[in-house]
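The values are calculated or read from the model by the stated rules, or taken from the named source; none is laboratory data. The structure presented is a predicted model; accordingly, all values stated were derived computationally and were not measured. Because the Cβ atoms are built from the backbone with ideal geometry, glycine has one as well, and the counts that use them run over all protein chains shown.
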Amino acid sequence: MTPDETMPSPQSEDAIERPRRTRVFKGAHAAFNQEHSAVPCVVRDLSETGAKIEFSLGWIVPKHFTLFVELDGFKVECEKVWHHGDLYGVRFTGPRVPTDVVRKQRVDLYEARDLPDEVAKAPAPALTFNRQPKKPAFGKFK
């Protein structure tokens, strides 16, 4: 190698920025066979270029499919990159396309201050156990 040639530094490979992954827990489904067949799944991680998806054990997932995420209201073409057990890593091969089906997320917080006063101030019931001690499987009581 001549002094004019430069070798790529190992740090340059580490400096490549990867899209930021966001941990999520969103219900979705993978559609295939011209979107006539679908398999339910859960999106665990999501980025601009791909996702980590969890399928129930026993489902056969094709190499290419369309991922529908109802909560966010989009669908995207995907390619299966890796899998380990019921977890699959996919790469998005197309743009995110908005869908008409958008499911609203509903989160209700339970707060005691919203309860009537007599319910909120009622003491908790005392725990009572009417169980006799079990006999040992082997040996005798001392």
Test for Ala28: is it under 10 Å from the mean Cα position of the chain (by Cα), closer than 16 Å to Thr99 by Cβ and surrounded by 11 or more Cβ atoms within 10 Å (Cβ to Cβ): yes
State all residues of segment 70-88 that are in contact with a Gly (Cβ under 8 Å, 6 or more places away or on another chain) and either among the aliphatic types (A, V, I, L, M) or exposed (fewer than 15 other Cβ atoms within 10 Å of the Cβ) (or both); if no residue qualifies, say none. Leu71, Val76, Val81, Trp82, His83
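Quick one: would you say Glu54 is closer than 17 Å to Arg21 by Cβ, at pLDDT 85 or above and in a loop (DSSP other than H, G, I, E, B)?
Numbers: closer than 17 Å to Arg21 by Cβ: yes; at pLDDT 85 or above: yes; in a loop (DSSP other than H, G, I, E, B): no.
Against the criterion (closer than 17 Å to Arg21 by Cβ, at pLDDT 85 or above and in a loop (DSSP other than H, G, I, E, B)), Glu54 does not qualify.
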Those residues of segment 64-93 that are part of a loop (DSSP other than H, G, I, E, B) and modelled with pLDDT under 95 come to a total of 6
